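> Quick one: the structure is below, questions incoming.
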Amino acid sequence: MTGGTGPYAGEGLSLRPWQPYDAPAVLRAFAPAEMSRQSGRPVTSPAEALDWIADREKERAAGTGYAWAVVRDDVVLGCVAVTAVNHVHDTGWVSYWTVEGARGGGVAAAGVRALARWAFDDLGLHRLELGHRTNNPASCKVAERAGFAVEGLERGKLRYGEVRYDVERHARLATDPVNFD
């Protein structure tokens with residue numbers, strides 16, 4: 001499935017492609033300084049939010065990335081994505097975020113589990129990777145709850161401003177037992 005309605009994530013959550021009418025939700029999601037810092041580019045206006053959504057559609061059309069809005073009753077609670085899709089090696093990079101009001105409720109983990117099933121079953125990927133700053137234990141819990149095993153530490157990988165951060169790498173394979181539960 002590369003378009004249309006996305007996978008069901010359980011607990012009333014589903015994944016769907018981003019739509020232009022989601023621009024206000026994207027703008028609110030990127031308003032906190034931490035989210036803005038990690039976005040790689042500013043998302044501070046309705047036009048920039050529309051550009052962010054358009055970029056997700058370009059990735060989808062090119063087959064290099066698939067970002068899904070995580071929704072309940074069509075209210076955006078977050079985003080899960082598999083990007084850097086490589087069909088030579090059947091790999092992809094997973095990322096996720098939730099809006100402030102949805103944090104701690106299992107939204108990200110449920111979305112990442114659904115994304116992984118979709119990436120293995122529909123995209124035919126074999127390996128999914130993700131990483132989080134070591135000072136972000138909440139992100140680590142999402143990875144673990146989504147069935148991603150810790151693989152190691154990448155020292156000084158990320159730089160925000162003048163500060164460098166270590167990243168813990170996680171991965172999940174299509175052949176992992178978690179996929180057959």
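The values are calculated or read from the model by the stated rules, or taken from the named source; none is laboratory data. None of these values were measured; they are calculated from a predicted model. Because the Cβ atoms are built from the backbone with ideal geometry, glycine has one as well, and the counts that use them run over all protein chains shown.
> Quick one: P177 ticks every box in (1) surrounded by fewer than 17 Cβ atoms within 10 Å (Cβ to Cβ); (2) modelled with pLDDT of 95 or more; (3) not hydrophobic (A, V, I, L, M, F, W, C) bar one, so which box is it?
Failed condition: (2).
> Before we move on, is W118 in contact with a Pro (Cβ under 6 Å, 6 or more places away or on another chain) and within 23 Å of A25 (Cβ to Cβ)? Break it down stepwise before answering.
Working: in contact with a Pro (Cβ under 6 Å, 6 or more places away or on another chain): yes; within 23 Å of A25 (Cβ to Cβ): yes.
Considered against the rule, which asks whether it is in contact with a Pro (Cβ under 6 Å, 6 or more places away or on another chain) and within 23 Å of A25 (Cβ to Cβ), W118 comes out as yes.
> Can you name the residue in region 59-106 that is within 17 Å of V26 (Cβ to Cβ), of a type in the set (S, T, Y) and touching an Asp or Glu at 6+ places or on another chain (Cβ under 9 Å) and is also surrounded by the most Cβ atoms within 10 Å (Cβ to Cβ) among such residues?
Ranking the candidates gives Y66 first.
> Sticking with this one: Given (1) under 17 Å from Q38 (Cβ atoms); (2) in contact (Cβ under 8 Å) with a residue 60 or more places away in the chain, identify the lone condition not met by D122.
Of the numbered conditions (1) under 17 Å from Q38 (Cβ atoms); (2) in contact (Cβ under 8 Å) with a residue 60 or more places away in the chain, the odd one out for D122 is (1).
> So which residues in region 28-47 are within 24 Å of L158 (Cα to Cα), touching a helix residue (DSSP H, G or I) at 6+ places or on another chain (Cβ under 8 Å) and part of a helix (DSSP H, G or I), if there are any at all?
Hits for region 28-47 are A29, M35.
> Also, quick follow-up: Give the residues of region 159-174 that are within 17 Å of the chain's Cα centre (by Cα) and either surrounded by fewer than 13 Cβ atoms within 10 Å (Cβ to Cβ) or at pLDDT below 95 (or both), sorted by residue number.
Across region 159-174, there are no qualifying residues.
> I would also like to ask the following. Going residue by residue through region 36-45, is there one that turns out to be surrounded by 12 or more Cβ atoms within 10 Å (Cβ to Cβ), within 25 Å of F148 (Cβ to Cβ) and in contact (Cβ under 8 Å) with a residue 24 or more places away in the chain?
Within region 36-45 (the criterion being surrounded by 12 or more Cβ atoms within 10 Å (Cβ to Cβ), within 25 Å of F148 (Cβ to Cβ) and in contact (Cβ under 8 Å) with a residue 24 or more places away in the chain), the answer is yes, since at least one residue qualifies.
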